[in-house]
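Chemist: Got a structure for you, written out below as structure tokens; questions coming shortly.
The values are calculated or read from the model by the stated rules, or taken from the named source; none is laboratory data. Here the structure is a predicted model, which means the values were calculated and not measured. No Cβ is skipped: glycine too gets one built from the backbone with ideal geometry, and neighbour counts run over all protein chains shown. Note: areas computed on protein heavy atoms with side chains; ligands, DNA, RNA excluded. Shrake-Rupley method; radii C 1.70, N 1.55, O 1.52, S 1.80 Å.
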Amino acid sequence: MSVLVLSASELSPRKSCIPTLPNCYVRVIAGEFRRETPVVERSVEPSWDQKLVVPVTGNEMPLDIQLWHKSLIPLRSYKIGQFKTTFSQLLRQQLSNETESIRITLVEKKTNGNTGYLRIKVSEVDDGVVVEQAMDEAHHVEEDAKKDTLPGVPSNDTVEMLKAVAEKINGFTGILDKVSQLYPPASVACSIVFSVIQAINAQTSRDAKVIGLVAIMDKANSFLGEYKKMSDITAKLAEFIKATLNQTVECSLFIQEFYQVGFMTRLATQAFDKSADKKIEEFTSAFTELQTQRMEGTVVQATLVSYRVLSVATDIRRDQILGRLRTVTMDAAGREACLPNTRNKLLEDLITWVLRPSEQNIRLVVGMWGSGKSALATTLANYFSELHRLGAYLFFSRTPPQTTGPVDVIRSLAAHLAVLDTRIAEAVAEHITAYPNATEGALLTQFNELLVKPLQSLDVDVHTKKGPAISAEGPILVLIDGLDQCGDPKSRKELISVLAAEASKLPKWLRIVITSRPEADLNAAFAPCQNIYKTPLDIESPENKADIATYVRGRLEAIRLKNTSLGLTADWPGQDALVKISRKAAGLFAWANTACTFIDSHYPPDRLKAVVEDTATTGPEDALAELYGAALQTVGKWEDSDFAESFRVVMGTIVVTAEPLSAETIDKLVAGSKKIPSMHTIEYLGCVLTWGPNTPIHILHPTFHDYLCSPRCKDSPWFIDSVRHRRTLGISCLRHVSRHLTRFHTDIIRLDLGSRDVFTEAQKRFPADIQHAYKFWIEYLCSVPYDTLKAIAKDVASVLMPVAFNDWCTMVDVLWTRFKVLELSYTLLAWITDNLAQLSALDSRITADAIQNAIEQVYELIGLPPPGTPRPAPSRPLSSHGSVVSSAPPKINFTSVDVALAEKATSAPAGDMMPWHLTHPYKMLKDLRKKLSGQTSPRSAFSKERLRGIAEAPV
């Protein structure tokens with residue numbers, strides 16, 4: 001039979017955190033015979049036009065047509081979909097289509113879902129063609145086999161058998177739902193085995209003992225291939241699988257050290273060789289015992305064999321050490337870990353980083369509050385605790401009781417490490433005896449005498465009193481969660497300095513993971529350190545948003561199952577509600593957790609409705625308010641009146657501004673009397689704000705804005721009176737505009753309005769604070785009440801004067817749109833009209849005549865060519881812009897009204913034109929002029945000639 005493989009379409013390859021296009025090839029299996037097409041790289045619509053010939057022994061012979069993705073990374077290839085049929089069925093389908101190709105549907109085996117389509121043509125061929133094709137195929141198989149090893153990997157028994165182990169685990173991982181508790185350990189085990197293969201690719205050792213150990217490990221994992229779907233795995237069996245996977249990780253780490261590509265120092269090699277035989281026996285025994293218990297159906301009784309020495313200090317020695325170190329006990333019970341199917345990729349990345357040597361010995365995970373750092377830390381702690389590799393787990397919180405401060409951290413680390421390992425306990429005890437003040441001195445002294453020197457001494461001697469050098473046994477993890485919550489910047493300054501300057505001296509087998517919010521003092525201290533690998537948690541990333549959705553779905557599913565008597569449907573709360581809650585969380589696990597906790601009530605549907613529809617008055621908001629309050633209380637210097645006032649000025653501006661502003665722009669717009677730079681205040685607020693060099697400041701979550709302005713904060717030093725701050729910003733922007741129009745009139749009239757580059761020129765010439773003031777001063781000024789207009793009357797009058805008003809219109813016309821000129825002009829002139837009596841009493845220049853003149857200027861402007869349009873030579877009277885006064889009816893492009901504000905369009909209207917007089921702002925200005933007609937003097941009409949003379953006069 002001949003199968004002409006033409007093309008594939010509408011493919012659905014596996015989803016990945018890093019989207020990639022598949023490398024596709026087709027495999028046709030007929031009995032024992034297999035034929036494959038070449039690989040088409042990086043395409044979801046691959047095309048081959050490749051003929052495959054397979055022998056057929058009967059009409060009912062089963063055929064399996066498969067589409068595969070070939071990964072560039074060994075063991076990562078996978079089947080996209082397959083089509084199972086028989087020769088007769090396929091031939092009948094082809095005959096019904098005559099000479100046309102047929103389209104077959106590819107199905108993913110696990111889900112039975114459609115993953116794409118394959119187009120083929122089928123025909124019968126004679127035996128001679130089959131033989132010729134088979135011989136050619138055999139040649140290609142032989143050539144491919146020569147290439148089917150990792151680059152540089154010797155084809156020796158150790159590597160080949162490790163690949164077999166990895167293939168079994170990788171295949172097992174493929175059947176797991178990511179919600180399964182087995183997914184993380186299976187994924188990590190596969191990753192670690194594969195990394196060991198890579199690490200020893202230059203080794204050629206055929207050590208019989210290690211080959212035997214790998215054979216046992218391979219056999220112990222072979223049962224994983226028996227399971228084809230999640231439903232095959234019982235709770236008891238899951239425990240055996242987890243124990244086997246963890247044992248596989250430990251055994252792989254041992255092999256990594258055996259080939260001297262791990263953490264082991266050169267001096268430790270001799271001691272390692274002496275103990276390797278015994279450890280191989282222990283691993284072999286552990287794998288054998290796990291297999292026996294699994295086949296007998298008993299509960300898991302085997303203890304994980306770590307190739308670390310697991311002896312601990314005696315009670316007397318432990319009490320002595322803990323007594324001198326004065327450590328504080330930290331109870332991790334009740335700390336929430338990541339829910340299944342959340343943070344999978346990040347967890348695998350962090351675990352693999354800990355287990356593999358690298359130049360950086362500290363991994364700094366930075367994220368805002370509520371981004372799930374503590375759950376991440378707890379999950380890591382649980383995993384490495386099971387492997388007996390958790391040296392210390394310190395965690396800090398802003399909420400009481402806070403039992404540990406910066407001065408306790410180094411002593412606590414030493415104490416926790418001493419409890420883990422007798423050798424560390426002995427080394428620390430010896431240094432405390434030799435240097436009695438080590439536990440009382442400066443933190444730099446403590447760090448060197450309690451950590452650096454004792455730990456380094458364990459690798460100076462190739463064999464300690466209690467066993468081989470620790471570096472021969474792989475990594476130990478130290479985990480510090482919430483370093484930003486350990487005291488305040490002042491109290492932790494010494495600790496942070498010591499960690500930044502001295503941590504690189506620690507042995508490389510001591511791996512440190514720190515989580516923190518993006519605090520200014522931590523960023524400044526750690527940024528220059530080459531030994532620190534920073535990992536920011538991006539709450540806006542697709543992966544994080546997917547994790548939030550999974551978290552919400554899991555929590556609400558648990559609530560549904562807990563309330564069976566309520567008769568909630570199987571799909572409760574429905575996809576729409578899940579999407580809304582996940583979206584409102586804005587990437588914050590804290591918000592999602594608070595919302596789900598609020599919903600988990602006596603009658604969840606009502607609470608769900610309140611959360612989804614924003615009608616909740618208590619619940620999530622109360623919990624978030626508590627979080628916000630605790631965060632602000634800790635980061636702020638509220639007893640310092642300068643800080644409190646600076647916070648209110650800066651934060652008030654950020655809260656009420658119409659568009660995000662940079663710190664530099666805020667400084668220019670609302671600089672306080674003390675001229676304290678905004679960044680000096682903002683740098684304390686990394687837990688609730690985000691910014692970058694020369695980029696606008698953003699509030700990370702809208703609920704923080706609501707919290708600061710809510711009545712619940714009225715008695716707090718961080719309360720923001722939005723009306724007052726909006727009024728302040730409006731007055732400041734008005735004065736900016738007034739001063740700029742007075743001092744920079746020449747710069748404005750020198751703009752070449754006929755140049756296509758006028759917009760770019762204006763952007764460069766006028767800084768961000770000026771542009772913001774020109775665009776938004778009217779919006780700020782006219783949206784809040786005033787007890788008195790005395791503070792602004794003079795500046796309003798200055799802007800209303802003909803030359804100044806003409807310049808302002810020109811600026812808005814150039815930088816934004818003509819429609820914006822109409823819109824803002826009406827808003828301003830209507831507001832002045834409403835307050836005319838009070839304003840005219842304060843400044844005699846503010847009159848109905850002045851408002852009428854301003855309206856006439858706007859009418860004149862819209863009759864001119866837009867900025868960027870080449871201007872013809874004047875043959876008629878010039879306007880105040882120096883352009884020809886058009887007699888044609890002014891028009892506007894209908895589309896530009898809707899789109900121009902977003903796109904800042906400056907080009908001339910095109911397409912179907914709409915007369916300006918039909919636009920809403922134009923009509924409103926017309927009505928305003930009619931309203932004022934009885935208040936103006938008959939001789940006060942706006943004089944274009946007079947304005948032109950003033951505009952062209954030197955200032």
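Residues checked against (1) more than 14 Å from the chain's Cα centre (by Cα); (2) assigned by the TED database to the domain that holds I362; (3) touching a residue at least 40 places away in the same chain (Cβ under 8 Å):
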site: T515; (1), (2), (3): yes, yes, yes
site: N523; (1), (2), (3): yes, yes, yes
site: F526; (1), (2), (3): yes, yes, yes
site: N531; (1), (2), (3): yes, yes, yes
site: D547; (1), (2), (3): no, no, yes
site: R555; (1), (2), (3): yes, no, yes
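Chemist: Inspect the stretch 690-698 for any residue being closer than 25 Å to G367 by Cα, touching a Gly at 6+ places or on another chain (Cβ under 7 Å) and at pLDDT below 85 and give the result as yes or no.
Modeler: Among the residues of the stretch 690-698, not one is closer than 25 Å to G367 by Cα, touching a Gly at 6+ places or on another chain (Cβ under 7 Å) and at pLDDT below 85, which makes the answer no.
Chemist: Inspect the stretch 492-503 for any residue being within 22 Å of Q256 (Cβ to Cβ) and either assigned by the TED database to the domain that holds H388 or open to solvent by less than 10 Å² (accessible area, probe 1.4 Å) (or both) and give the result as yes or no.
Modeler: no
Chemist: Could you list, in sequence order, the residues of the stretch 240-299 that are at pLDDT below 70 and part of a helix (DSSP H, G or I)?
Modeler: Selection gives R266, L267, A268, T269, Q270, A271, F272, D273, K274, S275, E296.
Listed here are the residues, each with its yes/no results for (1) over 28 Å from W353 (Cα atoms); (2) at pLDDT below 75.
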| residue | (1), (2) |
| --- | --- |
| E142 | yes, yes |
| T158 | no, yes |
| L176 | no, yes |
| P184 | no, yes |
| S191 | no, no |
| A199 | no, yes |
| T204 | no, yes |
| D218 | no, no |
| S222 | no, no |
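Chemist: Hey, does the stretch 830-841 have a residue that's modelled with pLDDT under 50 and among the polar types (S, T, N, Q)?
Modeler: Looking for residues that are modelled with pLDDT under 50 and among the polar types (S, T, N, Q), one finds none in the stretch 830-841, hence no.
Chemist: For the stretch 723-753, how many residues meet the condition of being of a type in the set (S, T, N, Q) and exposed (fewer than 15 other Cβ atoms within 10 Å of the Cβ)?
Modeler: Going through the stretch 723-753 one residue at a time, the tally reaches 1.
Chemist: Same structure, new question: Could you check the stretch 754-769 and list, in sequence order, the residues that are of a type in the set (S, T, Y) and surrounded by 13 or more Cβ atoms within 10 Å (Cβ to Cβ)?
Modeler: S755, the sole residue that qualifies.
Chemist: Within the set of pairs 6 or more residues apart or between chains, which connect a residue that is at pLDDT 95 or above inside the stretch 762-791 to a residue that is crowded, with 20+ Cβ neighbours inside 10 Å and in a loop (DSSP other than H, G, I, E, B) with Cβ atoms less than 6 Å apart?
Modeler: Close Cβ pairs satisfying both conditions: none exist.
Chemist: Which count do you get for residues in the stretch 84-100 that are among the small types (G, A, S) and within 11 Å of V3 (Cβ to Cβ)?
Modeler: Result for the stretch 84-100: 0.
Chemist: In the stretch 32-120, which strands (runs of 3 or more DSSP E) lie fully inside it and hold 3 or more residues that are open to solvent by less than 30 Å² (accessible area, probe 1.4 Å) and within 24 Å of T173 (Cβ to Cβ)?
Modeler: 62-69, 78-86
Chemist: In the stretch 522-544, what residues are in a loop (DSSP other than H, G, I, E, B) and open to solvent by less than 30 Å² (accessible area, probe 1.4 Å)?
Modeler: Scanning the stretch 522-544 gives C529, N531, L537, I539, S541.
Chemist: Go through (1) open to solvent by 30 Å² or more (accessible area, probe 1.4 Å); (2) within 22 Å of T728 (Cα to Cα) for S844 and report which single condition fails.
Modeler: Unmet for S844, out of (1) open to solvent by 30 Å² or more (accessible area, probe 1.4 Å); (2) within 22 Å of T728 (Cα to Cα): (2).
Chemist: Contact list please: Cβ distance under 9 Å, first residue in the stretch 917-934 and of a type in the set (S, T, N, Q), second residue part of a helix (DSSP H, G or I) and modelled with pLDDT under 75, pairs at least six apart or on different chains.
Modeler: Once the first residue is of a type in the set (S, T, N, Q) and sits in the stretch 917-934, its partners that are part of a helix (DSSP H, G or I) and modelled with pLDDT under 75 give T919/V897.
Chemist: Looking at (1) over 30 Å from D488 (Cβ atoms); (2) in contact (Cβ under 8 Å) with a residue 24 or more places away in the chain; (3) over 33 Å from the mean Cα position of the chain (by Cα), can you tell me which one A415 breaks?
Modeler: Answer for A415: the failing condition is (1).
Chemist: For the stretch 685-791, please list each of the helices (runs of 4 or more DSSP H) lying entirely inside it that holds at least 3 residues being of a type in the set (A, V, I, L, M, F, W, C), within 30 Å of S840 (Cβ to Cβ) and under 37 Å from the mean Cα position of the chain (by Cα).
Modeler: Filter on the stretch 685-791 gives 722-743, 768-781.
Chemist: Another one. Please work out which one of (1) open to solvent by 30 Å² or more (accessible area, probe 1.4 Å); (2) modelled with pLDDT of 90 or more; (3) touching a helix residue (DSSP H, G or I) at 6+ places or on another chain (Cβ under 9 Å) is the condition K931 fails and give its number.
Modeler: (2)
Chemist: Next up: Quick check on this structure: which one of D459, D488 is in a helix (DSSP H, G or I), charged (D, E, K, R) and touching a residue at least 40 places away in the same chain (Cβ under 8 Å)?
Modeler: D459
Chemist: Considering the stretch 591-610 alone, what residues qualify as being open to solvent by less than 20 Å² (accessible area, probe 1.4 Å) and free of Cβ contacts under 8 Å to residues at least 24 places away in the same chain?
Modeler: Correct list: A610 only.
Chemist: Of the residues that make up the stretch 360-370, is at least one open to solvent by 40 Å² or more (accessible area, probe 1.4 Å) and either within 31 Å of the chain's Cα centre (by Cα) or aliphatic (A, V, I, L, M) (or both)?
Modeler: Yes, the stretch 360-370 has at least one match.
Chemist: From the set of residues in the stretch 545-596 that are in a helix (DSSP H, G or I) and polar (S, T, N, Q), which is modelled with the lowest pLDDT?
Modeler: Top of the filtered list is T594.
Chemist: May I pose another question? Just to be sure, is V796 aliphatic (A, V, I, L, M), in contact (Cβ under 8 Å) with a residue 60 or more places away in the chain, crowded, with 21+ Cβ neighbours inside 10 Å and in a helix (DSSP H, G or I)?
Modeler: So V796 fits the description; yes.
Chemist: What residue, of T657, T690, is farther than 26 Å from L522 by Cα and in contact (Cβ under 8 Å) with a residue 60 or more places away in the chain?
Modeler: Going through T657, T690 in turn, the sole match is T657.
Chemist: Among residues belonging to the stretch 1-31 that are in a loop (DSSP other than H, G, I, E, B) and at pLDDT 85 or above, point out the one that is most open to solvent (accessible area, probe 1.4 Å).
Modeler: Filtering the stretch 1-31 for residues that are in a loop (DSSP other than H, G, I, E, B) and at pLDDT 85 or above, the one most open to solvent (accessible area, probe 1.4 Å) comes out as E10.
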